[in-house]
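Novice: The structure under discussion is supplied below as structure tokens; questions concerning it will follow.
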Amino acid sequence: MPAKTKTTKGRKKGKGRAKSKRGVNQALVKSLAHELRAEILAILNERMASPNELAKELNEGLSQVSYHVKVLKDYEVIRLVKTEPRRGAVEHYYRATSRAYLTDRDWHELPKSVRVGMSADLFQAIIDDAVAAMEGETFDGREDRHLSWTPLMLDEQAWKDLQKLIDQTLKQALKINGEAGKRLARSKEEPISASVAMMAYEVPDSAAKKLPKRKAKASRKKAKGKAKAKR
């Protein structure tokens, strides 16, 4: 299993960045091929932290966290940003070199257990972000914000078409963000902090069958209420 593979001694600098003939970012795939490394990288994508801080936050042993931090550094997906003297020792602080972006092919290379864990972490991050926006009263602060949930019934071709559409939408959103950054650099306008979350996932048959029943139940209650009103 990739999760148990140790780094090879004498790894040449820059080797971790190499891509396979299929264009897969092997450094990123291998760095995320262990659940703990994926969690560490997620934190270092957001902020700077030391192995000691990471161990406390993740409730893991310091030696284990330090080992996986070294693996991430060997793959050059994180870098040392500063050192501080701490009780007779030196504490090392790291930060991700760039935000992790996985293509469909990269995602396929990861073990299923890691994919499940990363999906759960990202879903929780989306929820936390939305809750913070609601508590800060910015979620509904704009009348033109978007919020929708649309159950669909698809065939295999439609599923592929939907995934392609979402991928194109994400690329367009990133392009819009880049263009905004250029305009903001030239103007004195305050930036608008925003989040875009997109999900398209297969629903279990049991959950899909419950949806019409909930709607039917709501319709019955509404009809019953009207009948009482007429009396």
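Quick note: the coordinates plus some simple rules give every number you see, no bench work behind them. Bear in mind that the values here come from a model prediction, so they are computed numbers and not experimental data.
Novice: Give the aspartates and glutamates whose C-alpha is closer than 18 Å to that of K175, dropping any in the same chain fewer than 8 places away, or say none.
Specialist: D167
Novice: Ok, one more. Could you state the number of Å between the C-alpha centres of region 105-179 and region 30-52?
Specialist: Distance between centres, Cα-based: 21 Å.
Novice: Pairs K70/K171; K30/K171; K70/K112: which exceed 30 Å Cα-Cα?
Specialist: Details: K70/K171 32 Å; K30/K171 25 Å; K70/K112 24 Å.
Over 30 Å Cα-Cα: K70/K171.
Novice: Using Cα positions and a limit of under 20 Å, work out the aspartates and glutamates in reach of K56, with same-chain residues fewer than 8 apart set aside.
Specialist: Counting by Cα, and skipping residues close in sequence, K56 has these aspartates and glutamates nearby: E35, E39, E46, E84, E91, D121.
Novice: Moving on to the next point. With a ≥ b ≥ c the root eigenvalues of the C-alpha gyration tensor of region 99-159, is it rounded (a/c under 1.5), prolate (a/b larger than b/c) or oblate? Before the final figure, lay out the partial values.
Specialist: On the way: a/c = 2.69, a/b = 1.45, b/c = 1.85.
It is oblate, given that a/c is not under 1.5 and a/b is not larger than b/c.
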